[in-house]
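The values are calculated or read from the model by the stated rules, or taken from the named source; none is laboratory data. As the structure is a prediction and not an experimental result, all values here were calculated from the model. Positions of Cβ are generated from backbone atoms using ideal geometry, with glycine treated the same way; all protein chains shown enter the neighbour counts. Note: areas computed on protein heavy atoms with side chains; ligands, DNA, RNA excluded. Shrake-Rupley method; radii C 1.70, N 1.55, O 1.52, S 1.80 Å.
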Amino acid sequence: MKVPFLDLHAAYLELKPEIDAAIARVVDSGWYILGPEVDAFEAEYAAYCEAEHAIGVANGLDALHLALLAMGVGPGDEVIVPSNTYIATWLAVSQCGATPVPVEPVDATYNIDPARIEAAITPRTKVILPVHLYGQPADLDPILAIARKHGLRVLEDAAQAHGARYKGRRIGAHGDAVAWSFYPGKNLGALGDGGAVTTNDPELADRISVLRNYGSRVKYVNEVKGFNSRLDPIQAAVLRVKLRVLDEWNARRQGIAQRYLEGLAGSGLVLPQVPEWAEPVWHLFVVRHPERDALVKRLNEAGVGTLIHYPVPPHLQAAYAEMGFGVGAFPVAERMAREVVSLPMGGQMAAEGVEVICGVCRG
């Protein structure tokens, strides 16, 4: 039995009539940049995230970048980031001319360790940028308390956490702003790139709206040096369809995760741990093994697709060589990069696939 890592086509086929009708509606409307379809999605997504505002942008990296700019981050500033994350979190900081300051994760959850943050704060620190990695919320209360104590902003990277809850409340506006990606493989994925920022701060929302549209709110009147980063109306229409089933598809993921946890207990793999205050949406199901590459080979030979999130931590990427971090600078993140592997996970995954995978892993 072949078990793909993720079947995006199956997700489309499940909603094909609704998605095709939504795309046709935009094409027939004659409105192809921003407009009513984007407005409608922004209102619906803000309500879903329990936030006051949502601003659609071109992709998740732009969501982070524009939110940081709206918070006044620029050259000479520092932003605290996880050492264990996708490089986009760091790139957004660099695009502002600021410096990413890495902080190691909690071993059990992969998310930034609040207990290590305060030691990384300097007079140049402007923002703390936690990531809700793999769809599990970071521990926000202590992070927000540290930010308030030091007069810092908090920008959450929720690119993998659509629908997740922290202490019963949806991720969407705990911090000053939350950045989202709608890359096709996300829990809420478009048919191309897309992103958004949610916030309860009307001034931040206004700044991001202006920045995404050439620095303009009135055509040909440019208030600031802005960008061209607007959520496409066709993608907004597709996302409106998928938003209606997001909770259902997340519940399927939660069921798959539970079967994994039961089927892999005692297998020798390090399994995900969920704090009692977290309600993850299992964007990824990530396990660890000291002989990861051998495990991946076994799974691939059995027809099981896998991915590694992420094989090289940001501080060891050539893109950040100028920062001078060598091997051993962030040992927790480096060990995770050596040991992690993501098993197949998705709303269209068959239960039989989980049994196959558990059998291979236990064998």
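Roughly speaking, what is the stretch gain from V224 to Q317, that is 0.36 nm per residue apart minus the C-alpha to C-alpha distance, in nm to one decimal?
Length difference between fully extended and current span is 30.2 nm.
Quantify, in whole percent, the carbon and sulfur part of the accessible surface of the chain (1.4 Å probe; protein heavy atoms only).
55 percent
For Cα pairs less than 8 Å apart in space and 6+ apart in sequence, what is the mean separation divided by the residue count of the chain, i.e. the relative contact order in percent?
It comes to 23 percent, rounded to a whole number.
Report, in whole Å, the centroid distance computed from the Cα atoms of the stretch 319-363 and the stretch 266-302.
Result: 7 Å between the Cα centres.
In terms of the Cα gyration tensor, with a ≥ b ≥ c the square roots of its eigenvalues, is the stretch 86-146 rounded because a/c is under 1.5, prolate because a/b exceeds b/c, or oblate?
In terms of gyration-tensor shape, oblate.
Using 1/(1 + (r/R0)^6) with R0 = 45 angstrom and r between the beta carbons of R362 and S216, what's the FRET efficiency to the nearest 0.05?
E(calc), rounded to 0.05, equals 0.15.
Which FRET efficiency value, to the nearest 0.05, do you get for D39 and E203 by plugging their Cβ-Cβ distance into 1/(1 + (r/R0)^6) with R0 = 25 Å?
0.80
With only alpha-carbon pairs counted, each pair once and no self-pairs, how large is the Kirkwood hydrodynamic radius of the stretch 165-246 in angstroms?
About 14.1 Å, per the Kirkwood formula over Cα pairs.
How much accessible area per residue does the stretch 168-212 have, in Å², with a 1.4 Å probe?
Averaged over the residues of the stretch 168-212, the accessible area is 28 Å².
Calculated from DSSP H runs of 4 or more alone, at -39500 (n - 2.57) each and per residue, what is the 222 nm mean residue ellipticity of the chain, nearest 500?
Counting only the DSSP helices, I get -12000 deg cm²/dmol.
Solvent-accessible area per residue for the stretch 232-363 at a 1.4 Å probe radius, Å²?
Per-residue value: 43 Å².
Using 7 Å Cα-to-Cβ label points, what is the A350/D141 separation (nm, one decimal)?
It is 4.4 nm.
Just to confirm, what accessible area per residue do you get for the stretch 31-101 at 1.4 Å probe, in whole Å²?
Here the per-residue accessible area is 32 Å².
May I ask you to compute the full-extension gain from R116 to Y32, defined as 0.36 nm times their residue separation minus their alpha-carbon distance, rounded to one decimal in nm?
Value of the extension gain: 25.6 nm.
What's the longest bit of the chain with no exposed chymotrypsin sites (Phe, Trp or Tyr not before Pro), using DSSP loop states and at most 14 other Cβ atoms within 10 Å as the test?
Answer from the scan: 33-219.
Between beta-carbons, use under 14 Å as the cut-off and find the net charge around E262, counting Lys and Arg +1, Asp and Glu -1.
Taking every other residue near E262 into account, the sum is +1.
Let me make sure I get this right: for the stretch 106-217, a, b and c are the square roots of the gyration tensor eigenvalues over alpha carbons, sorted descending. Under 1.5 in a/c it's rounded, otherwise prolate if a/b > b/c, else oblate. Which is it?
Oblate shape, in that a/c is at least 1.5 and b/c is the bigger or equal ratio.
Could you give log10 I(q)/I(0) at q = 0.12, 0.15, 0.17 Å⁻¹ for the stretch 185-341, computed by the Debye formula over C-alpha point scatterers of equal weight, without solvent?
-0.85, -1.11, -1.18
Distance cut-off 28 Å, Cα to Cα: go down the list K126/K225; K149/K242; K16/K186; K167/K297; K186/K297 and report the pairs above it.
K149/K242; K167/K297
Under the definition of Cα pairs under 8 Å and six or more residues apart, what whole-number percent is the relative contact order of the stretch 78-200?
The value is 18 percent.
Among DSSP beta bridges lying fully in the stretch 156-284, give the percent that are antiparallel, nearest 5.
Bridges in the stretch 156-284 are about 85 percent antiparallel.
Would you work out if the stretch 1-83 is rounded, prolate or oblate? Take a ≥ b ≥ c from the square roots of the eigenvalues of the alpha-carbon gyration tensor; rounded if a/c is under 1.5, else prolate when a/b is larger than b/c, oblate otherwise.
oblate
Residue by residue, what Karplus-based ³J(HN,Hα) values in Hz, rounded to whole numbers, does the stretch 255-270 have, using 6.51, -1.76 and 1.60 with θ = phi - 60° and x for Gly and Pro?
Karplus values, whole Hz, x for Gly and Pro: x, 5, 4, 5, 5, 4, 4, 6, x, 9, 4, x, 7, x, 7, 7.
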